[in-house]
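What follows is one structure encoded as structure tokens, with my remarks underneath.
The values are calculated or read from the model by the stated rules, or taken from the named source; none is laboratory data. The shown structure was predicted, so the numbers you read here are calculated from the model rather than taken from an experiment. Only protein heavy atoms, including side chains, enter the accessible area calculation; ligands, DNA and RNA are left aside. Shrake-Rupley method; radii C 1.70, N 1.55, O 1.52, S 1.80 Å.
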Amino acid sequence: MSVQAYSDIIQSYLSNFITYSNQIGGDVAEQAKLVSEAFKAQLEYLKLAAQSALPSADQLVRLLKPTSDKIQAIQSLREKNRASQYFNHLSAISESIPALGWVTVSPAPGPYIKEMNDAGQFYTNRVLKDWKEKDKKHVDWVKSWIEVLTEMQKFVKQFHTTGLVWSGKSAVGGIPPPPPGNMPPPPPVLPDLNDLSVGDKGDDRSALFAEINQGENITKALKKVTPDMQTHKNPNLRSGPAPFKATSTTGTNYSGKPAVEKSPVFQRDGKKWIIEYYKDNHGLLVEGTEMNNVVYMFNCTNCTLTVKGKINSIFLDSCRKSSVVFDTVVSSAEFVNCQSVQMQVLGNVPTISIDKTDGCQMYLSEKSLGVEIVSSKSSEMNVLIPKGNGDYSEYPIAEQFKTTISPSGLKTVVIESKG
């Protein structure tokens with residue numbers, strides 16, 4: 001029943017998602033093909049679980065590899081297409097596809113799927129914001145993907161509430177699983193209760209109780225602690241083993257291999273300007289732009305980018321201690337996964353979006369005072385508004401909120417920081 005229920009999700013909800021993805025086409029359709037393959041790989045894994053006993057840890061890694069390879073391919077596709085017009089679509093799936101890892105989670109895999117669904121919500125909201133007035137199929141695409149994850153969560157809650165159930169008796173591939181290591185010794189044999197007071201054992205116990213019942217005399221055999229043995233008088237005795245220190249991972253990636261230093265990239269690809277991997281460069285300049293152009297700045301450190309002319313949008317991703325100065329954007333200026341960044345608009349900007357960013361200073365112009373600022377999972381955000389005399393007034397964006405329950409539902413208010 002479990003396998004059939006999962007097959008139904010693939011044939012109905014996932015099939016709808018694939019249909020809408022193919023209608024959008026391009027990178028979205030390519031990614032949807034990988035998503036379909038990932039779900040089918042997991043279906044095979046569930047079939048195996050329904051027929052076999054729990055395999056060894058090494059076997060589990062091997063059996064999970066087809067699914068994990070597809071997840072990595074989905075995430076790699078997103079990384080390779082950061083300048084795509086469908087980047088938000090790719091990111092929504094990339095952030096939430098790890099939900100397929102529920103098979104390794106216990107004792108509550110259902111909430112894990114919900115957590116992954118929420119992780120992609122930031123990007124699905126942006127898809128809705130960008131496309132709901134332009135093309136309805138993008139809205140249907142978002143709804144179909146959320147339905148897939150929602151139904152998968154229901155499936156797990158019904159059939160695998162506390163973790164994946166291996167319900168078969170035979171071993172995987174006909175190979176018996178190895179015996180578990182470090183088996184505890186057998187429990188000691190307890191004496192017969194009827195023998196507690198007879199024979200030699202009874203004599204031994206009597207001697208033990210007699211020694212315990214000596215009272216104060218029991219301490220006479222203890223060795224006296226002399227001054228040279230006291231730690232508060234001899235600091236040298238207090239030295240112990242050195243505390244544990246975690247191995248430094250500076251300069252390495254998650255696999256323990258040295259991080260590869262990538263060469264800077266500054267290129268124009270059609271409507272997209274791509275600036276990546278620059279360090280300590282304050283002379284980056286984009287000019288000769290058109291109104292439908294997009295500027296994408298990725299993984300730059302201690303850099304300043306100047307954008308001349310009127311463009312569609314500016315996107316800073318994973319940048320540190322960097323700044324961007326621009327004239328006018330038609331859509332938005334966006335910051336994601338950044339630290340200590342600044343922006344200054346000389347003309348107009350309708351929307352500023354900040355996500356997973358710590359430290360963002362926004363210098364506005366007189367023309368941009370009607371801007372909408374949308375922030376999520378970010379801190380240390382400040383807006384600087386011109387006074388008219390060349391100086392600025394600085395205002396922090398709220399980071400703390402208080403939510404209470406009212407008869408109509410939840411009520412959330414801003415808590416102002418008073419320092």
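Suppose the Debye formula is applied to equal point scatterers at every Cα of segment 336-381; what is log10 I(q)/I(0) at q = 0.30 Å⁻¹?
-1.08
Keeping all protein chains in place, calculate the accessible area per residue for segment 3-144 (probe 1.4 angstrom), answer in Å². Working shown, then result.
Numbers: 6430 Å² over 142 residues.
Normalised by residue count, the accessible surface of segment 3-144 is 45 Å².
Leaving ligands and nucleic acids out of the surface, order 156, 374, 139 by accessible area at 1.4 Å, largest first.
Ranked from most to least accessible, the order is 374, 139, 156.
For the pairs 154/356; 310/367; 308/356; 114/154; 33/134; 134/411, flag any whose C-alpha to C-alpha distance is greater than 21 Å.
154/356; 308/356; 33/134; 134/411
So what does residue 62 come to for accessible area, using a 1.4 Å probe and Å² rounded to 10?
The accessible area comes out at roughly 140 Å².
Roll a 1.4 Å probe over the protein heavy atoms and report the accessible area of residue 328 in Å², nearest 10.
Ignoring ligands and nucleic acids, residue 328 comes out at about 30 Å².
Taking a ≥ b ≥ c as the square roots of the eigenvalues of the Cα gyration tensor of segment 263-373, is the shape rounded (a/c under 1.5), prolate (a/b larger than b/c) or oblate? Don't skip to the answer; put the middle values down first.
Details: a/c = 1.66, a/b = 1.13, b/c = 1.47.
Here segment 263-373 falls in the oblate category.
Got a number for the accessible area of residue 13? Probe 1.4 Å, square angstrom, nearest 10.
Near enough 80 Å² of accessible area.
Rounded, prolate or oblate: which fits segment 1-95 when a ≥ b ≥ c are the square roots of the eigenvalues of the alpha-carbon gyration tensor, with rounded for a/c under 1.5 and prolate only if a/b beats b/c? Spell out each step's value before the answer.
Values: a/c = 3.88, a/b = 1.61, b/c = 2.41.
Note, shape of segment 1-95 comes out oblate.
Sort 362, 116 by accessible area with a 1.4 Å probe, largest first.
Working: 362 0, 116 25 Å².
The residues order as 116, 362, largest area first.
Quick one: grab the alpha carbon gyration tensor of segment 288-349, order the square roots of its eigenvalues as a ≥ b ≥ c, and give me rounded if a/c is under 1.5, else prolate or oblate depending on whether a/b is larger than b/c. If you can, show how the numbers build up before the last one.
Numbers: a/c = 1.96, a/b = 1.76, b/c = 1.11.
Prolate, since a/c reaches 1.5 and a/b exceeds b/c.
Compute the length gained on full extension between residue 8 and residue 277: take 0.36 nm times their separation in residues and subtract their Cα-Cα distance, giving the result in nm to one decimal.
Numbers: separation 269, 0.36 × 269 = 96.84 nm, distance 4.49 nm.
Here the answer is 92.3 nm.
Search the structure for amide H atoms under 5 Å from the amide H of residue 284, placed 1.01 Å from N in the peptide plane, and list their residues when 5 or more places away or on another chain.
304, 306
Please report the spacing between the Cα centers of segment 66-110 and segment 1-39 in Å, no decimals.
13 Å
In segment 1-160, how does Rg compare with the Kirkwood Rh, expressed as the Rg/Rh ratio over alpha carbon atoms? Present the calculation step by step, with values, prior to reporting the outcome.
Values: Rg = 15.6 Å, Rh = 16.0 Å.
Answer for segment 1-160: 0.97.
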